[in-house]
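Asks: Take a look at this one; I'll ask things after.
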Amino acid sequence: MRRRDVVAVLAGGAAWPRAAQAQSRVRRVGVLMSYREGDSEGEVRLAAFRESLRAAGADGGNAGLEVRWMAGDPDRATSYAREMVALAPDVILVNGTAGLAALVPLTATIPIVFVVVTNPVGAGFVTSLARPGGNITGFSTFEPEIGGKWLETLKAIAPGVVRAGVLHDPGARGFSALWERIEAVAPSFGMRTVPIHARSRPEIEAGIEAFVAGGPGALVVLPTPVNSVQRQTIFALAERHRLPAMYPFGFHAREGGLVAYGFDAIELFRRAGPYVMRILSGEKPANLPVQAPTKYELVVNLRAARALGLTIPPAILARADDVIE
Amino acid sequence: MSVVGTATGPALPAEAARPLPGTRLRMPLAAKLAAALIGLVTLVLLVNGAINLWLSYQEAKTAAVSVQQEKAHAAAERIGQFVAEIENQMGWTTRAEWRRVPLEQQRYDFIRLLRQAPAITEISYLDAAGKEQLKVSRLEPDAVGSQIDLSGEPKFLRAIAEKSWFGPVYLRRGSEPYMTIAVAHAGRNPGVTVAEVNLKLIWDVITAIRIGQKGYAFVVNSQGRLIAHPDLSLVLRDTDLSRLPQVASALAGVPGQSNAAEIVEAQDGARVLSAHAPIARLRWLVFVQLPVKEALAPVYTSLAQTAALLGLGLLLASVAGTYLARRMVVPIRRLQDGAERLGGGDLSERITIRTGDEIETLAVRFNQMASRIQESHETLEAKVVERTRDLNETLQQQTATADVLKVISRSAFDLDAVFKTVIESAAHLCGSNRALIYLKDGEVFRPAAGFGVSPEFWAVMESNPMRPERGTFVGRTILERGPIHVPDVDADPEFTFTEASRVGRFKSILCVPLLREGDPIGVLALSRPAAGPFTARQISLVTTFADQAVIAIENARLFDEVQARTAELSESLQQQTATADVLKVISRSAFNLDVVLTTLVESAARLCEAEKGVIFLRQGGHFGLCANVGFSAEFETFARANPFPFDRGSTTMRAAASGGAVQVVDVLADESRSALAREYQRLGGYRTNLGVPLMREGEPIGVFTLTRQVVRPFTERQIELVQTFADQAVIAIQNARLFEEVKERTAELQQSLDDLRKAQDRLVQSEKLASLGQLTAGIAHEIKNPLNFVNNFSLLSADLIDELRQVLEPASLDERAREEVDELTGMLKGNLEKVVQHGKRADSIVKNMLLHSREGVGEHRPVEVNAIVEESMNLAYHGARAEKPSFNVTLRRELDPATGEADLYPQEITRVLLNLFSNSFYAATKRKAELDGAFDPTITATTRNLGDRVEIRVRDNGTGIPEDVKAKMFNPFFTTKPAGEGTGLGLSLSHDIVVKQHGGTIEVASSPGQFTEFTITLPRAGAATAAAKRGA
């Protein structure tokens, strides 16, 4: 080998690492959270996502997060969705059905990973769970049949209840199936359902007041963003009017709600990190299946039960994954 | 090592061009030796390394494979355990007595089971009849006693039959993999506990199995469908891996038997070491895969080590081989170098090698051979040198001769170059340091060219021209007319020109004459600083050179002659061309004298190389500037203002006076100049001038002067040329004068032609009128008779009416009848009077018509024109007043007393004048009537003497005649007066009388609303001439 060939090889070797460095530009991930900024649950979820990103190989440098908090407000969801699409990040992580619904019409190119979205196939966000098809994939939550589970649990805790007020936002995509299911199975539990429109705090307050005025009953709180954001309002009203209430997320019961049955949302956020990383490294969202939750939990708040003067039956306690004393 | 024979040029001898055997570039011995040595070592090392590598590779692979195999078994076991665990958990509910436990307790048990086995999503209890009794689900409301008949389902039948049954994997919502596990209860008539297990939970197990760094495990079912994989998304997508080669081969193999690991491609295309183990109960296969790179890492390490060893071995072998080869090759190389030098002709070279072996012996033989060759070579060389010198000399001489001839033929007309070549070549060939050529110059011979001649020697030779004498060698050569060869100058007794030999310091000399037709025209002399003879060859060579020099001299002479002749011809051609050009210009602009003269001066100045030039032309007693080329405006202005007087104070005037060309070479040196000439010179600034007179019929009419700003005389030829140009100027001036005359004459002729045309027009008019006159005369005769009848009988009838009245006077008629008769007769009489009146008018027309045809009525005689005009005017006036007493007009007479008499028909002319006057009165009166009195009608009669003719004008300030009327007014019967007032024959008749009868003219000038003027011109002998013409 001639000397200058050797030199050329050495020079090439020296040049190579720089070219490799140039490839790892800073990636941006947009995050739309359905909670209000500062909300404890929202922060915990975001932290879980960050942690999972890091575990999946993103160092702090090459995946910057752009976080927006929609605070359960449909208007904010729309405006932040626009802002997010305008920012054109490499991936958007969206929490909640409302945010996803706002994003879907705005872009068909930016990959979107949703977390905690009810019934994505039914709402038309993806073609199928196994092969989502478009630029969207993520982690779905409730199957409509869980509605029956909620009524069952509520009936078990408060057997006298025949009237259930369902806190529901009819405008929010994806939740109607839940509502329909609840309405359908209610008679089998000797109950009838009353829809309470809840799109904002005043509506929640007025709706519950009106429901109470209509007679005794219990509440079923659907997993709409506003219900989670305004959970403290609901807790307070339920306590004041001595309404037994069924909640969709464990943290609801942990923070004061009577009983909650649902999946572990934090786990979904943990699983979102690897998905985002896979999309950043070039995989198509169309080929990444939508994952359903595997772990469900029943959380019972005895303090709330005592406040309502309710005795939790042993079957429920046996099932409960967590009992708040 | 040399590269002999690879780059032989075509100039080398043929022997050298042929490659010498064995000296072609080929692999050197050293390289061969080294290659052999290195090759041997490399071969050994390579074989050794390859065997080593093969063995270690096989070993590592076997090890890796067995490890993989074990891992696969372990993994299979773990998965099996996972399922077995679930089955175990279900054992709670499958005790024989469980069916008798209260429903609430059973439900508790199920709830507990769900809590303990997170993979179970739904669990149900079927009684012995296959009816669902209890179902607890994580997702749906619990069902108690639903009694759904599931007795036909495999999960019931197979469980009863096989105790426990693992259903096939199925997908919920097309995505989540699930499996049914059914376990039959103990005892008789057993029920079945059925669990729906979410296989996603296997993920936890599968990801916990660590296979090396990057290895992983996955599970497929008996159809090759993926059940568990670290990448959950592959599972959720329901991936079919049955086409993957390792899966396919495993599925094809005997179930329950694990195959050896193999290297295959994974589904992502990477090469992996794959092993699998079955889970017999589930008929699943667990695969573990490890990237080959990782599995065979030890083999690669070993390969690297072997390669490093090989490299080191090669290096060592190279070093050792090279060293040994060099050691051996050095003496051989030295031998080769020595042989090469011998081959290259260096025969004094001896090879020294002290190796004490065959190579040394070879060297000694070489040395002996070289000595022999050297001996024979030296004798040969001496002979060759001699021959070569001989040949060289001849060649050199021939070459020089050829060169000289070449130079002579090339530069035949450049004598200096020829001489230079001749003497240089001669000196060179004869070994002389000096050579000279002498050429005949009148009676003596002078040096013309030299080679190696110092300036002093040249000066001596220049100042001492050679004569035919024996005291000098050149002189002696001239006398002898043959070569003189003196080997030792000092020993020559006749030599007297010692100054030459002293300055020139020559000891031997050779002189050869240049002979033309036997006469010497020059000498070629060669000398040497040392005494010694010139060879016969040299002498003959120099003689040849001398002959060539003679030919060259001849050629040069002829060439010069031709050259001179050609120059002469071309100069005259140029001048002729210029002259022709000038003549062309002159002929083109013949009548523009200024242009012609300026052209002449310009051309002459250019051809004669004069900066400026002028032409003076005679103007009375002076000569003034006429054409100027090159002189300033100031000069021109001065010259025009101050023409030369006819004296001899200037070159120009001297030329004019002498009648021939005068040249003053330096004007400033001319003391006899006049003050005016000095002023001319001061403004013009010229030094040399030339004046050539322009002579016409021996008289100077001008001077052609050319000047030069520097003192430089005009040549004879130039003066001749200027004279030619001067002649041309004279001709041009003449032409211009003739042209002017021709122009005048032409104008005169044009005038005559115009007059002639007018006369012709008049003649045409006259003829027209004459023919009309004859026609009307004929008609008038025919009308005259009937008219007489009409007139006479109407007069008679009028008288008869009177008679009728008288007859009826006494008749007894009543009052009414009488009144009617009176009225009728009165009317008849009135009618007849009108007939008479108009008859008379017709009669007068006919009379006038007859007058037209009449010729030469009355006698013609000389008449006082003024008198006849006066008379006619008065007559007309009184006539008009008689007709109309209110008529008044101012009459003016402007009669030229010199008018005198003319030969006329007085009555006829009176008629004409009366006619004109009455027309004038009519027009003036009409105008007065139009202007309603504020107008003074004036009629003017004028006469004038025109020598042989007389002019009469009648002018009025009346209405004037419009243009269209003017053209027709002389036609018969044309009138502008109201019907009955004019006959239309007045002017027609007047024209007839004046033109035809008297040979005069009648013309009218008029301006409507201003005036009308008739002009009659009558030749004094008009009537006589006209009559004579008619007679002729």
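Asks: Looking only at the range B:611-651, count how many residues are touching a Ser or Thr at 6+ places or on another chain (Cβ under 9 Å) and not in a strand (DSSP E or B).
Replies: 8
Asks: Please specify each residue of the range B:569-596 satisfying the condition of being under 39 Å from the mean Cα position of the chain (by Cα), surrounded by 13 or more Cβ atoms within 10 Å (Cβ to Cβ) and modelled with pLDDT of 80 or more.
Replies: B:V595
Asks: Here's another thing I want to ask about it. Inside the range B:125-138, can you point out the residues that are open to solvent by less than 10 Å² (accessible area, probe 1.4 Å) and either at negative phi or within 12 Å of chain A (Cβ to nearest Cβ) (or both)?
Replies: Scanning the range B:125-138 gives B:L126, B:L134, B:V136, B:S137.
Asks: Let me ask something else. In this structure, does B:T637 turn out to be within 52 Å of the chain's Cα centre (by Cα), under 17 Å from B:C626 (Cα atoms) and surrounded by fewer than 14 Cβ atoms within 10 Å (Cβ to Cβ)?
Replies: Yes; evaluated as a whole, the condition is true for this residue.
Asks: Any idea which residue in the range B:111-120 is nearest to the other protein chains (Cβ to nearest Cβ), counting only those that are in contact (Cβ under 8 Å) with a residue 12 or more places away in the chain and within 14 Å of A:P314 (Cβ to Cβ)?
Replies: Here is the first cut: in the range B:111-120, the residues in contact (Cβ under 8 Å) with a residue 12 or more places away in the chain are B:111-114, B:116-120.
Now drop any that are not within 14 Å of A:P314 (Cβ to Cβ), which leaves B:111-112.
Values: B:I111: 5, B:R112: 7 Å.
Within the range B:111-120, the match that is nearest to the other protein chains (Cβ to nearest Cβ) is B:I111.
Asks: What are the pairs, 6+ residues apart or on separate chains, where a residue within the range A:228-251 that is in contact (Cβ under 8 Å) with a residue 12 or more places away in the chain has its Cβ under 6 Å from a residue that is among the acidic types (D, E) and open to solvent by 10 Å² or more (accessible area, probe 1.4 Å)?
Replies: A:G250/A:E297; A:F251/A:E41
Asks: Can you tell me which residue among B:A402, B:A363, B:A426, B:A370 is closer than 17 Å to B:L541 by Cβ and touching a residue at least 24 places away in the same chain (Cβ under 8 Å)?
Replies: B:A426
Yes/no per residue for (1) in a loop (DSSP other than H, G, I, E, B); (2) surrounded by 21 or more Cβ atoms within 10 Å (Cβ to Cβ):
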{"position": "B:S432", "(1), (2)": "yes, yes"}
{"position": "B:Y438", "(1), (2)": "no, yes"}
{"position": "B:R446", "(1), (2)": "no, no"}
{"position": "B:A449", "(1), (2)": "no, yes"}
{"position": "B:V453", "(1), (2)": "yes, no"}
{"position": "B:W458", "(1), (2)": "no, no"}
{"position": "B:E462", "(1), (2)": "no, no"}
{"position": "B:E469", "(1), (2)": "yes, no"}
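Asks: For the range A:256-267, give me each residue that is more than 14 Å from A:V116 (Cβ to Cβ) and within 13 Å of another protein chain (Cβ to nearest Cβ).
Replies: A:Y261
Residue by residue, here is whether (1) touching a Pro at 6+ places or on another chain (Cβ under 7 Å); (2) in a helix (DSSP H, G or I); (3) not basic (K, R) holds:
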{"position": "B:E122", "(1), (2), (3)": "no, no, yes"}
{"position": "B:G152", "(1), (2), (3)": "no, no, yes"}
{"position": "B:L157", "(1), (2), (3)": "no, yes, yes"}
{"position": "B:I206", "(1), (2), (3)": "yes, yes, yes"}
{"position": "B:L234", "(1), (2), (3)": "no, yes, yes"}
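Asks: Here is a further query. Which of the residues belonging to the range B:403-428 are of a type in the set (G, A, S) and under 52 Å from the mean Cα position of the chain (by Cα)?
Replies: Going through the range B:403-428, the residues of a type in the set (G, A, S) turn out to be B:409, B:411-412, B:417, B:425-427.
Of everything in the range B:403-428, those that are of a type in the set (G, A, S) and under 52 Å from the mean Cα position of the chain (by Cα) turn out to be B:S409, B:S411, B:A412, B:A417.
Asks: Inspect the range A:122-141 for any residue being at the interface with chain B (Cβ under 10 Å from one of its Cβ atoms), open to solvent by 10 Å² or more (accessible area, probe 1.4 Å), of a type in the set (K, R) and touching a residue at least 24 places away in the same chain (Cβ under 8 Å) and give the result as yes or no.
Replies: Taking every residue of the range A:122-141 in turn, at least one turns out to be at the interface with chain B (Cβ under 10 Å from one of its Cβ atoms), open to solvent by 10 Å² or more (accessible area, probe 1.4 Å), of a type in the set (K, R) and touching a residue at least 24 places away in the same chain (Cβ under 8 Å).
Asks: Need the failing condition index for B:L600 against (1) assigned by TED's automatic domain parsing to the domain that holds B:A729; (2) in contact with a Leu (Cβ under 8 Å, 6 or more places away or on another chain); (3) in a helix (DSSP H, G or I); (4) open to solvent by less than 10 Å² (accessible area, probe 1.4 Å), just the number.
Replies: (2)
Asks: Looking at B:R745, B:R818, B:R805, which is the one that is farther than 30 Å from B:A967 by Cβ and either open to solvent by 100 Å² or more (accessible area, probe 1.4 Å) or touching an Asp or Glu at 6+ places or on another chain (Cβ under 7 Å) (or both)?
Replies: Values: B:R818 fails: either open to solvent by 100 Å² or more (accessible area, probe 1.4 Å) or touching an Asp or Glu at 6+ places or on another chain (Cβ under 7 Å) (or both); B:R805 fails: either open to solvent by 100 Å² or more (accessible area, probe 1.4 Å) or touching an Asp or Glu at 6+ places or on another chain (Cβ under 7 Å) (or both).
Among B:R745, B:R818, B:R805, only B:R745 is farther than 30 Å from B:A967 by Cβ and either open to solvent by 100 Å² or more (accessible area, probe 1.4 Å) or touching an Asp or Glu at 6+ places or on another chain (Cβ under 7 Å) (or both).
Asks: Name the residues in the range B:333-370 that are open to solvent by less than 60 Å² (accessible area, probe 1.4 Å) and touching a Leu at 6+ places or on another chain (Cβ under 8 Å), would you?
Replies: Listed by number, the residues that qualify are B:L335, B:E349, B:I351, B:I353, B:I359, B:A363, B:F366, B:A370.
Asks: Could you tell me whether B:N866 is over 20 Å from B:T959 (Cβ atoms), at pLDDT 85 or above and buried (at least 18 other Cβ atoms within 10 Å of the Cβ)?
Replies: yes
Asks: Something else: Considering only residues that are crowded, with 22+ Cβ neighbours inside 10 Å, more than 11 Å from chain B (Cβ to nearest Cβ) and of a type outside the set (A, V, I, L, M, F, W, C), which ones fall in the range A:268-284?
Replies: Of everything in the range A:268-284, just one residue is crowded, with 22+ Cβ neighbours inside 10 Å, more than 11 Å from chain B (Cβ to nearest Cβ) and of a type outside the set (A, V, I, L, M, F, W, C), namely A:G273.
Asks: Kindly establish whether A:G174 is away from every other protein chain (no Cβ under 13 Å), open to solvent by 10 Å² or more (accessible area, probe 1.4 Å) and closer than 14 Å to A:P223 by Cβ.
Replies: Yes, satisfied.
Asks: Across the range A:108-121, what is the number of residues that are in a loop (DSSP other than H, G, I, E, B) and open to solvent by less than 10 Å² (accessible area, probe 1.4 Å)? Let's see the steps before the verdict.
Replies: Residues of the range A:108-121 in a loop (DSSP other than H, G, I, E, B): A:108-111, A:118-121.
From the residues that got through so far, the ones that are open to solvent by less than 10 Å² (accessible area, probe 1.4 Å) too are A:118, A:120.
Summing the residues that are in a loop (DSSP other than H, G, I, E, B) and open to solvent by less than 10 Å² (accessible area, probe 1.4 Å) in the range A:108-121 gives 2.
Asks: Of the conditions (1) open to solvent by less than 40 Å² (accessible area, probe 1.4 Å); (2) more than 14 Å from every other protein chain (Cβ to nearest Cβ), B:E262 fails just one. Which one is it?
Replies: Exception for B:E262: condition (1).
Asks: Here's something else I'd like to know. For residues that are in a loop (DSSP other than H, G, I, E, B) and within 14 Å of another protein chain (Cβ to nearest Cβ), scanning just the range B:159-191, find the one that is most open to solvent (accessible area, probe 1.4 Å).
Replies: Across the range B:159-191, the extreme among qualifying residues is B:R173.
Asks: Can I ask one more? Name the residue that is nearest to the other protein chains (Cβ to nearest Cβ), counting only residues in the range A:142-152 that are more than 21 Å from A:E267 (Cβ to Cβ) and surrounded by 24 or more Cβ atoms within 10 Å (Cβ to Cβ).
Replies: Among those residues, the one meeting the criterion is A:L151.
Asks: I would also like to ask the following. Please list, ordered by first then second residue, the pairs with beta carbon atoms under 9 Å, 6 or more apart or interchain, first in the range B:588-607 and in contact (Cβ under 8 Å) with a residue 24 or more places away in the chain, second part of a loop (DSSP other than H, G, I, E, B).
Replies: B:V596/B:S589; B:V596/B:A590; B:V601/B:G630; B:E602/B:G630; B:A604/B:A610; B:A605/B:E611; B:A605/B:G630
Asks: Oh, and also: With respect to A:D73, is the statement that it is open to solvent by less than 50 Å² (accessible area, probe 1.4 Å) and more than 18 Å from A:F139 (Cβ to Cβ) true?
Replies: On the way: open to solvent by less than 50 Å² (accessible area, probe 1.4 Å): no; more than 18 Å from A:F139 (Cβ to Cβ): yes.
Spelling it out, it is not the case that A:D73 is open to solvent by less than 50 Å² (accessible area, probe 1.4 Å) and more than 18 Å from A:F139 (Cβ to Cβ).
Asks: Another question, then. Any idea which of B:W98, B:W92 is over 29 Å from A:E143 (Cα atoms), within 14 Å of chain A (Cβ to nearest Cβ) and at pLDDT below 85?
Replies: B:W92
Asks: Give me the pairs, please: first residue somewhere in the range B:373-391 and within 14 Å of B:D346 (Cβ to Cβ), second residue anywhere and open to solvent by less than 100 Å² (accessible area, probe 1.4 Å), beta-carbon distance under 9 Å, and either six or more positions apart or on two chains.
Replies: B:I373/B:L342; B:I373/B:L347; B:Q374/B:L347; B:Q374/B:S348; B:H377/B:G345; B:H377/B:L347; B:E378/B:L347
Asks: Is there a residue in the range A:288-298 that is away from chain B (no Cβ under 13 Å) and in a strand (DSSP E or B)?
Replies: Within the range A:288-298 (the criterion being away from chain B (no Cβ under 13 Å) and in a strand (DSSP E or B)), the answer is no, since none of the residues qualifies.
The values are calculated or read from the model by the stated rules, or taken from the named source; none is laboratory data. The shown structure was predicted, so the numbers you read here are calculated from the model rather than taken from an experiment. Cβ coordinates were reconstructed from backbone atoms using ideal geometry, including for glycine residues, and neighbour counts include every protein chain displayed. To get the accessible areas, we keep the full protein, side chains included, count just its heavy atoms, and leave off ligands, DNA and RNA. Shrake-Rupley method; radii C 1.70, N 1.55, O 1.52, S 1.80 Å.
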